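Written out below as structure tokens is the structure these notes cover.
The values are calculated or read from the model by the stated rules, or taken from the named source; none is laboratory data. On a predicted model such as this, the values are computed, not experimentally measured, just so you know. With ideal geometry, Cβ positions are generated from the backbone for all residues, glycine too; neighbour counts draw on all protein chains shown.
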Amino acid sequence: MSLVPLLGSSILATLVYQLAPALPETLSFGQKLAFMLISALLMGLALSPTTLLAIISGYLWAWPIFPYLVGGYALASLIGYFIGNRLDQNTLSTLLAPYPKVHQMILQRQSKMGQLVFYMRISPIVPFAISNILFALLHTGWRRVIYFGIPGMLPRTAMAFGLGLAAASLELALKGGAEQSYQVWIILGLIGLSSFGMIRFFSAKG
């Protein structure tokens, strides 16, 4: 299953590299909705990792596209969840086999499904598409996947999105001079702070 997002990432990155100069810097409302739907399909069907889409979005369109990226996450979560509902319950043990830490997390929080969804989303251990299927097989309920999953996704999403912003700001600074460089340092500082916080969080949990 990991080969599918890898192939999708390669194709998507190649397309963006080739088409970036022709893409509009500002999207219309309709274009933003189209982006949200396309990104939902790519992530929900495991055709592209969430991190790559966040980086590309931050690089190409900056903050105006961020709410639509989050909306894409929500729709992708529902797509993956309803696909998981159609799978056999025996699939659960197969999916958990490569992730012993996740199995332990499930045992610890199986009576608190909201917490389970949140911590699985914030953890970088489980791929987004696989976690959606796990939620379905664990019968968490799609509402919990949205209510607790979206806040859990935001730290990782913001970090990846910030990397895209930093890349765009760095490119602008190199073209426009030193007056733009402060944006790069601010974004990199925020990414570093978020990374440090997440490392401390999971070290404490371990």
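Filter the stretch 137-152 down to the residues that are among the hydrophobic types (A, V, I, L, M, F, W, C) and at pLDDT below 90, then identify the one that is surrounded by the most Cβ atoms within 10 Å (Cβ to Cβ). Even if it seems obvious, please write down each step before you answer.
Of all residues in the stretch 137-152, those among the hydrophobic types (A, V, I, L, M, F, W, C) come to 137-138, 142, 145-146, 148, 150.
Now narrow it down to the ones that are at pLDDT below 90: 137-138.
Details: LEU137: 20, LEU138: 18.
So the residue we want is LEU137.
Apart from one condition, THR26 fits all of (1) of a type in the set (Val, Ile, Thr); (2) surrounded by fewer than 21 Cβ atoms within 10 Å (Cβ to Cβ); (3) assigned to a helix (DSSP H, G or I); the exception is (3).
Mind checking which residues of the stretch 91-125 are closer than 23 Å to THR50 by Cα, out of contact with any helix residue (DSSP H, G or I) (no Cβ under 8 Å at 6 or more places or on another chain) and of a type in the set (D, E, K, R)? The answer is LYS101, and nothing else.
Against the list (1) in a helix (DSSP H, G or I); (2) surrounded by 15 or more Cβ atoms within 10 Å (Cβ to Cβ); (3) at pLDDT 70 or above, the condition MET198 fails is (3).
Taking the criterion of being within 24 Å of LEU95 (Cα to Cα) and either without any contact (Cβ under 8 Å) to a residue 12 or more places away in the chain or buried (at least 21 other Cβ atoms within 10 Å of the Cβ) (or both), the only residue of the stretch 154-171 that qualifies is THR157.
Within the set GLN31, GLN89, the sole residue that is surrounded by fewer than 17 Cβ atoms within 10 Å (Cβ to Cβ) and outside any loop (DSSP other than H, G, I, E, B) turns out to be GLN31.
Report the residue count in the stretch 92-132 for those that are among the aliphatic types (A, V, I, L, M) and either outside any helix (DSSP H, G or I) or touching a strand residue (DSSP E or B) at 6+ places or on another chain (Cβ under 8 Å) (or both).
Narrowing the stretch 92-132 to residues among the aliphatic types (A, V, I, L, M): 92, 95-97, 102, 105-107, 113, 116-117, 120, 122, 125-126, 129-130.
Those left that are additionally either outside any helix (DSSP H, G or I) or touching a strand residue (DSSP E or B) at 6+ places or on another chain (Cβ under 8 Å) (or both): 97, 125-126.
The qualifying residues number 3.
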